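Below is one structure, written out as structure tokens; the observations come after it.
The values are calculated or read from the model by the stated rules, or taken from the named source; none is laboratory data. Values in this document were obtained by computation on a predicted structure and should not be read as measured data. Cβ atoms come from the backbone with ideal geometry, glycine included; neighbour counts cover every protein chain shown. Heavy atoms of the whole protein, side chains included, go into the accessibility calculation; ligands, DNA and RNA do not. Shrake-Rupley method; radii C 1.70, N 1.55, O 1.52, S 1.80 Å.
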Amino acid sequence: MNNLLTIKEASEWATDYIGRNVTPSNISYLVQYGRIKKIGGNVSQLDLMDYYKSYNGSRETVFKERLGNDLNWALSFDQYKEAETTKHVHRLHPYKGKFIPQLVEYFLDDHTDKFKTETYFKKGDIVLDPFAGSGTTMVQACELGMHAVGIDVSAFNTLISNCKVAKYDLADIQYEITRLTKELEYFIKNSNVIEFEERLLQELNIFNTQYFPVPDYKYRLRNGEINEMKYGKEKEKLFLPIFERLINQHNIKLRQEANSTFLDKWYSQHIRYEIDFVFEGIKKIKNDKTKRIVSVILSRTIRSCRATTHADLATLLEPVTTTYYCSKHGKICKPLFSILKWWKTYSKDTINRLQQFDKLRTKTYQLCLAGDSRNIDVFEQVKKRSKTFGDLIEKQKIKGIFSSPPYVGLIDYHEQHAYSYDLFGFKRQDELEIGPLFKGQTKDAKQNYIQGISDVLNNCKKYLADDYDIFLVANDKYNMYSTIAENARMKIVDQFKRPVLNRTEKDKTAYSETVFH
């Protein structure tokens, strides 16, 4: 029997069915994006059951069928919502390839899981992450009462990591954000862009209501009643003359004259004007910590304002300067013509996240060093930045490592933040990356990767306590880590094979990685 439930009843049913809180807003989202169908003012219980069935064990079964029964499902952290895996400062800035904080907590915290038989770290220990990335290990160490040192060859990664763990004058940050926002609003007040966008949004609303009604269009799409590629392209062409008319009427310049840098190529002319205007305002901030965190807000903002489709934000194909059919939202979308909306959104979000973390942080030391983990002198560089922490680390030594090394031939770690390297004038160190995308996955690339990771471990070992523990998170499909351990005169004493859930919308295949101890 297919019972019909109100949105509230559906949220209560789903909460009971999967054993975790499902709000009415969650149900409304499923309706809006065509995951379940709305019948009158109600939803179908059968639709709900079909959608949520993966949470009652079938997802675990599917993953184990595809990846093997040695999969450690406890390390899937399936019970956590996305908001919990991106909690507080972990989402201050997007970053490809980072692990979720719950994974760090599991191995660092001795109270995380009652079924754990071993404890590797305790409060007051010092943890090292020689591939710091966006600082996940450092943040969790701070939350758990441990000291942490991060190392990263990328200047931008070092900025992000140190900004996440810094202690701030929140009132000063709010003051500077308010000042910059008012100045930006005044800057664009008399711009023809504002009237142009208002007119464009009105036209898009009329058009999308007619051709992409919510939620009927997405529901029909999911059920194969519409050929999305053909239908989307047809309607994209149909709307284009309206867009071009408005561009001409309001004299909007879509592209910049220059095309030599990332900032030249991937931003419309007016967006570029606004970016440069806010950046000049940031330079006037006197408090260095405030200046750095507000710079991160601007970086996060301009990442969302690149001239690309919503579906290609993470990959970047070609600059998009016209309206287009958006497969992510199932309608005709437009490029951005002002940074104001995202600047306001991320400014508010950053303040909230800093406030949340401020209540959880402990009085411990965290520091990310800019350098090459293969040869950096950890003790010396920490002491240069903080004599107190330097003395502590030299006396106590580092208890161990928790890190996720780069995967061979998968990500260009500098290129993913090219916009910020251009804006801030950071020196790029692409040639020092271990296993970058641009070197591929050839035999030589793999050998260089093995040598690089081995060199990191051999260098870092000099700073570790005698009874150290090292945890490296990797998808070792080329079976390189046994050789790496041998090269570092270490032994792999355990392996934890964990499923990786909710990767990207474009890749839903069952996937795992291994935590090598």
Point-to-point label distance, Asn487-Glu82, nm (Cα→Cβ direction, 7 Å offset): 3.8
- prompt: Tell me, Kirkwood radius of the range 406-517 from alpha-carbon pair distances, in Å?
  reply: 15.9
message: Restricting the calculation to Cα positions, tell me the Rg (one decimal) and the Dmax (whole number) of the range 263-303 in Å.
response: 10.9, 32
task: Please report the base-10 log of the normalised intensity I(q)/I(0) for the chain, using a Debye sum with one equal scatterer per alpha carbon and no solvent, at each q in 0.05 (1/Å).
output: -0.23
Equivalent-ellipsoid semi-axes of the range 73-210, from the Cα gyration tensor, Å, largest first: 41, 22, 13
task: For the range 192-305, divide the Cα radius of gyration by the Kirkwood radius and give the resulting Rg/Rh value with two decimals.
output: 1.11
query: By per-residue mean of other Cβ atoms within 10 Å, what is the highest-first order of 487-495, 84-92, 193-201?
result: 84-92, 193-201, 487-495
task: Work out, step by step, the length gained on full extension between Arg255 and Glu225: first 0.36 nm times the residue separation, then minus their alpha carbon distance; give nm to one decimal.
output: 7.0 nm
query: Taking all protein chains as present, what is the carbon and sulfur share of the accessible area of the range 270-401, in % to the nearest whole number, probe 1.4 Å?
result: 50
- line: Taking protein heavy atoms only, a 1.4 Å probe, and rounding to whole percent, the accessible area of the range 90-214 owed to carbon and sulfur comes out at 52
field: Difference of contour (0.36 nm per residue) and Cα-Cα distance, Glu318 to Asp216
entry: 33.7 nm
task: Calculate how steeply helix 58-67 sits against the longest principal axis of the alpha-carbon atoms of the chain, using the helix alpha-carbon long axis, and give the answer as 0 to 90 degrees to the nearest 10.
output: 60
- prompt: For the pair Asp377 and His310, what calculated FRET efficiency results from E = 1/(1 + (r/R0)^6), where r is the Cβ-Cβ distance and R0 = 41 Å, to the nearest 0.05?
  reply: 0.35
message: Using helices alone, I'd like the mean residue ellipticity at 222 nm for the chain: each DSSP H run of four-plus residues gives -39500 (n - 2.57), total over residue count, nearest 500.
response: -14500 deg cm²/dmol
- request: Could you pull out every Cys in the chain that lacks a partner Cys with its beta carbon under 4.7 Å away?
  value: Cys142, Cys163, Cys305, Cys368, Cys460
query: What percentage of all Cα-Cα pairs in the range 312-416 are separated by more than 22 Å?
result: 64
- line: For the chain, the per residue accessible area (1.4 Å probe, Å²) is 49
